[in-house]
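Structure first, commentary second.
The values are calculated or read from the model by the stated rules, or taken from the named source; none is laboratory data. All figures in this text were calculated on a predicted structure; none of them were measured in a lab. With ideal geometry, Cβ positions are generated from the backbone for all residues, glycine too; neighbour counts draw on all protein chains shown. Ligands, DNA and RNA are excluded from the accessible area calculation, which covers all protein heavy atoms including side chains. Shrake-Rupley method; radii C 1.70, N 1.55, O 1.52, S 1.80 Å.
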Amino acid sequence: MQIKKWMLTLLMVNVGVILLAQKVTLSGYVKDAGNGEDLIGATIYNTNIKTGTTTNSYGFYSLTVPSSDSLGLVVSFIGYVPKTIALTGKTSQVIVVNLESSTTALDEVVISVKRNSDNFERASMGTIDVPMKQITSLPAIGGETDVLKVIQLLPGVQSGKEGTTGFHVRGGNSDQNLILLDEATVYNPNHLFGLFSTFNNNALNNVTLIKGGFPAEYGGRLSSILEINMKEGNKNRMAVSGGIGLLSSNLTLEGPINKGKGSYIVSGRRSYIDILARPFIPKAQAGSNYYFYDINAKVNYTLGDKDRVFLSYFNGLDNAQYVGASSLNYGIDFGNKTATLRWNHLFSNKIFSNTSIVYNDFHNSFTTKQGKYVGILYSGIQDLTAKTDWEIHAGPNNKIKFGANYANNTFIPASTSYKSKIDTTLQALALKPDSLQHKYSNSMAFYASDEFKIIDAISLNLGFRIPVFQTATTKYTSFEPRITAKISTGISSSIKASYTEMNQFLHLVPSTTASLPTDVWISSSDVVKPEVSKQVALGYFKNFDNNAIETSVEAYYKTMSNQVLFKEGTQTSLTDDIDQQLTFGSGVSYGVEFFARKNFGKLTGWASYTLSWTNQLFPDLNYGNPFPYTYDKRHNISLAATYDLSNKWKFAADWIFTSGGAYTLPLGKIPVYGGGSLYDLYYNDYTKRNNYRYRPYHRLDVSLIRQNKEGMLFGKKFTSEWVFSVYNLYSRMNPYFVYLSVDPQTKKPSAKEVSLLPAIPSISWNFKF
């Protein structure tokens, strides 16, 4: 309790600080000179007092400095030519900075200019910004560049099954990652059963992963925050871009609205697997198909010098049907819809606010039928959220944030299996959400934080978050401290430490280990307690070559309580209360992460290595003994790089190595009288959980990009590129799952390994005019 009082008192003191020296404030926006897009995370550095700031999620910055006859600013952003600005510093000014996209040659010229040094200067840790240019260059399956595939290459992140976009951060489950698209939660970020993510890169502006030292404005998940911001659209001219790949095509339209006032962007993507496969589907399987699509749209408009409004929309859907003549039939339909309305307001050159209303609709329907045996699962969530966030730039070394949010949640979890009296179609078996039981909850949160310097060498980011979660029968209130400290150890290095607590009130209960979307979202209740994590981290950060190369090493220790799984042998029905089918446990994860990244020059990319341990303890599982987490992989090495061979050719590659994850095999067999063919007269004895390990996983992906000469099309300048890539170049047959087989003659059991993806070449063509 004393710690809480001390934190609140220190925050209030800093909020009320009045700087006695005469100051001026420089504020404004940093934009892409080519299309007018706001640049998120750009650095503004004052050469007079050797300090700086960065732009927020809307490209806004505010920097208060001592008054001077002349001031010098250096504005920089990865992939752009830094700009040096000299100005008189007697009065506060609004400065909009436009940065030109850089080339390799220009990078070499401006090598002496101050570059981004946030990674060692700011009191923040566990945060990695991933440049969109890097994402679009790295190879992926079928030529589909993918945000979540790149996230898997970062330290502290474990991939899911072979080829999937699922990721697990510092020992957490996939549902413990909060994925935000323009502030809206995306509950299922996957297409094609997890092979691709639901995010169309052509519609994205910025991607940031936070895996520790969580800022106070984020909450609701235990392991990570993946913040993705959509593009705002070209403010200067009409533009069309797109791409044609082996599995899908995409098209993006963008342009100004009342030039200088606003802009729009509409981007769509659809697969055509169903169209290409249709001629080859046997008549007995007519009706089998698969397709996915996603649509992104956004408009923004400037109402005046101090007000801007944004409206974002996203819709992603997967639909699959398989009809067998006399075998298993299934139908899958899942997707997300989100809408975000935001209003930015500048109360002064030091005070920035954003107010949002966010709507979210997620559904997941999975139906199977074999003869008259039927299995149905449905999981749905609808959210309506109102939130407000404020920034106060109190001084050159003092940034205060606070805000609040309120959300109304509706859950529709249901699953059942039964024998039907009649043989019917999958469509007739589909559940209607309005007829299912709905569960309701409300949540709210208040947060505040202050990032400030105690002395030149020591900075603190001190904050707290108070979440409140309520249903008809229960209420949970928590206090989450957020503390990060930084001590400078040289002109380009620092030591950082952080402590954070997080609560999670929504839970994804895994009902299968397959990559099918058959897991169920539920909310906390009087039975299901909120999941809680406590994480402490310590790191050393060092930059080289005038910040062209950044390095870090971070060690962490995290505990997780109230983890959720289904009980062994659970079979649910539509009338069951899912809460009663669950078992609860705890987890602990600890490790050390090494990271090095080169941001400038012909060769860019990063290398990471993670050494980690994650164990779980469920009193009702494994006889109450600890067991390794499924994605506990001791060693994880990732290399990702792009190299500019010439003005026309670019080469990219990534290589991954991980230790094998854990899985369960029986320790013995028990004879079963009358067991029949189902058990082959024996019942497998599963007395230990996750008692075996897969073989190590590794693969190499490569891509070659050729930029074509600029041409003319429909009277417009036209550019295009060819992308040639190979996923898993040396065709490593990595383990996907293991199943048991019994020799019919000797009755001896054996475990057989199944691999999924060999070498997969692909080609795609991208254009823009």
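Within the range 237-271, the set of residues being among the hydroxyl-bearing types (Ser, Thr, Tyr) and open to solvent by 50 Å² or more (accessible area, probe 1.4 Å) comprises 264 only. The condition (being open to solvent by 30 Å² or more (accessible area, probe 1.4 Å) and touching a Ser or Thr at 6+ places or on another chain (Cβ under 8 Å)) is satisfied by just one residue among 298, 337, 350, 306: 350. The residue that is nearest to residue 306 (Cα to Cα), among those in the range 57-86 that are among the aliphatic types (A, V, I, L, M) and touching a residue at least 40 places away in the same chain (Cβ under 8 Å), is 63. The residue that is nearest to residue 123 (Cα to Cα), among those in the range 445-461 that are out of contact with any Phe, Trp or Tyr (no Cβ under 8 Å at 6 or more places or on another chain) and open to solvent by less than 30 Å² (accessible area, probe 1.4 Å), is 452. Scanning the range 606-624 for residues that are more than 21 Å from residue 539 (Cβ to Cβ) and touching a residue at least 40 places away in the same chain (Cβ under 8 Å), we see that the one that is most open to solvent (accessible area, probe 1.4 Å) is 623.
Inside the range 322-334, can you point out the residues that are out of contact with any Lys or Arg (no Cβ under 8 Å at 6 or more places or on another chain) and either buried (at least 19 other Cβ atoms within 10 Å of the Cβ) or at pLDDT below 75 (or both)? If the condition is that a residue be out of contact with any Lys or Arg (no Cβ under 8 Å at 6 or more places or on another chain) and either buried (at least 19 other Cβ atoms within 10 Å of the Cβ) or at pLDDT below 75 (or both), then 322, 323, 324, 325, 326, 327, 331, 332, 334 are the ones that fit. Of the strands (runs of 3 or more DSSP E) lying entirely inside the range 20-94, those containing at least 1 residues that are under 30 Å from residue 238 (Cβ atoms) and open to solvent by 50 Å² or more (accessible area, probe 1.4 Å) are 83-89. Among the residues making up the range 722-741, those that are open to solvent by 40 Å² or more (accessible area, probe 1.4 Å) and either assigned to a strand (DSSP E or B) or among the polar types (S, T, N, Q) (or both) are 722, 724, 731, 736, 737, 739, 740.
Can you tell me which residue within the range 603-622, out of those that are hydroxyl-bearing (Ser, Thr, Tyr) and in contact with a Ser or Thr (Cβ under 7 Å, 6 or more places away or on another chain), is nearest to residue 152 (Cα to Cα)?
Top of the filtered list is 608.
Per the conditions (1) more than 24 Å from the chain's Cα centre (by Cα); (2) on the phi < 0 side of the Ramachandran plot, the sole criterion not satisfied by residue 641 is (1). Return a yes/no flag: does the range 520-531 have any residue that is open to solvent by 50 Å² or more (accessible area, probe 1.4 Å), modelled with pLDDT under 90 and not hydrophobic (A, V, I, L, M, F, W, C). Taking every residue of the range 520-531 in turn, at least one turns out to be open to solvent by 50 Å² or more (accessible area, probe 1.4 Å), modelled with pLDDT under 90 and not hydrophobic (A, V, I, L, M, F, W, C).
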